[in-house]
1. I'd like to verify a number: residues in the stretch 94-114 that are within 16 Å of the ligand (Cβ to nearest atom) and either among the polar types (S, T, N, Q) or buried (at least 23 other Cβ atoms within 10 Å of the Cβ) (or both), how many?
2. Does any residue of the stretch 1-14 turn out to be modelled with pLDDT of 95 or more, over 30 Å from S204 (Cα atoms) and in a helix (DSSP H, G or I)?
3. Hey, among A153, A243, A227, which residue is of a type in the set (A, V, I, L, M, F, W, C), more than 14 Å from the ligand (Cβ to nearest atom), over 21 Å from M30 (Cα atoms) and surrounded by fewer than 23 Cβ atoms within 10 Å (Cβ to Cβ)?
4. Determine the pairs where a residue that is more than 11 Å from the ligand (Cβ to nearest atom), located within the stretch 10-22, has a partner that is open to solvent by less than 50 Å² (accessible area, probe 1.4 Å) and of a type in the set (V, I, T) with Cβ atoms under 7 Å apart, the partner being 6 or more residues away or on another chain.
5. For the stretch 188-224, give me the residue count where each residue is aliphatic (A, V, I, L, M), open to solvent by 30 Å² or more (accessible area, probe 1.4 Å) and away from the ligand (no atom under 16 Å from the Cβ).
6. List pairs: first residue in the stretch 160-183 and part of a helix (DSSP H, G or I), second residue among the basic types (K, R) and within 10 Å of the ligand (Cβ to nearest atom) anywhere in the structure, Cβ distance under 8 angstrom, at least six positions apart or on different chains.
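The values are calculated or read from the model by the stated rules, or taken from the named source; none is laboratory data. No experiment lies behind these values; they were computed from the predicted model shown. Please note: Cβ atoms are built from the backbone with ideal geometry, for glycine as well, and neighbour counts cover all protein chains shown. Areas reflect the complete protein model, heavy atoms only, side chains present, ligands, DNA and RNA absent. Shrake-Rupley method; radii C 1.70, N 1.55, O 1.52, S 1.80 Å.
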Amino acid sequence: MNKAVRKAIIAGNWKMNQTQAQTKALIEEMKPLVKDADCGVVLCVPYTDLAAAIEATKGSNIKIGAENCHWANSGAFTGEISAQMLTEMGVEYVIIGHSERRQYFGETDVTVNQRVRAALDAGLTVILCVGETLEQREQGITSELVAMQTKIALGGVSAQEMEKVIIAYEPVWAIGTGKTATAEQANEVNHTIRETIGALYGESVAEKTVVQYGGSMNAGNAEELLAQPDVDGGLIGGASLKAKDFSVIVAAASK
Ligand code: 13P
């Protein structure tokens, strides 16, 4: 990454894991391990763990995020959570458009855009996920697809608001599979994303935007991935549930 203009952000995505008691214990274990980080440290946790996570991270350098939010402020949307509900309780980040939401819960580029808008309006920092399936990679459409996902998701987002947008490139075929994109593959797509931001908002916004990589990033491969010029951090699934492994990734991003 280019440390002169961007600060790396390592974010955990706990997905549907951890009870409140487990949340408290894991964060207590992590806090001393990441306290000297020279990068942003974020944990995105299930809704039911948010209060416990916020309480446990008070006074530390760990910020808390949710894993999704709805696009409306309130209303007849049984089972959903609004962005305002999150900010009111002290949540600062939110993942939007994760491929698991797209794959299992009918999320589309259009609803991703609506959720991004709502999250920014409520003052949250968005971690916007984009990425191709294996089939799409084999069809040779990765660049076009990721550029399109990025453009649609950012519809109606101003250059100034981009300060609160992080983009996470997560190739679907690398998530939870142990199959990591090579450092070159990750850098190539992250670069395409930065070019897309440049086309939308200009060079200086593109240079300042944090573009993460996610997909089987772990304690063993983080350093090589994070050494790439366009990889500004990571969105970490499995390894974010292990304090030691997560802290090794944070240390690699702090170098
Ligand atoms: P894994 O790190 O478990 O592959 O998950 C990546 C991910 O989906 C993070 O959002």
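1. Number satisfying all stated conditions: 8.
2. Looking for residues that are modelled with pLDDT of 95 or more, over 30 Å from S204 (Cα atoms) and in a helix (DSSP H, G or I), one finds none in the stretch 1-14, hence no.
3. Going through A153, A243, A227 in turn, the sole match is A227.
4. If the second residue must be open to solvent by less than 50 Å² (accessible area, probe 1.4 Å) and of a type in the set (V, I, T), the pairs left are I10/V41; I10/I236; I10/I249; I10/V250; Q18/V45.
5. So the count comes out to 2.
6. Close Cβ pairs (under 8 Å, with a partner that is among the basic types (K, R) and within 10 Å of the ligand (Cβ to nearest atom)) amount to W173/K179.
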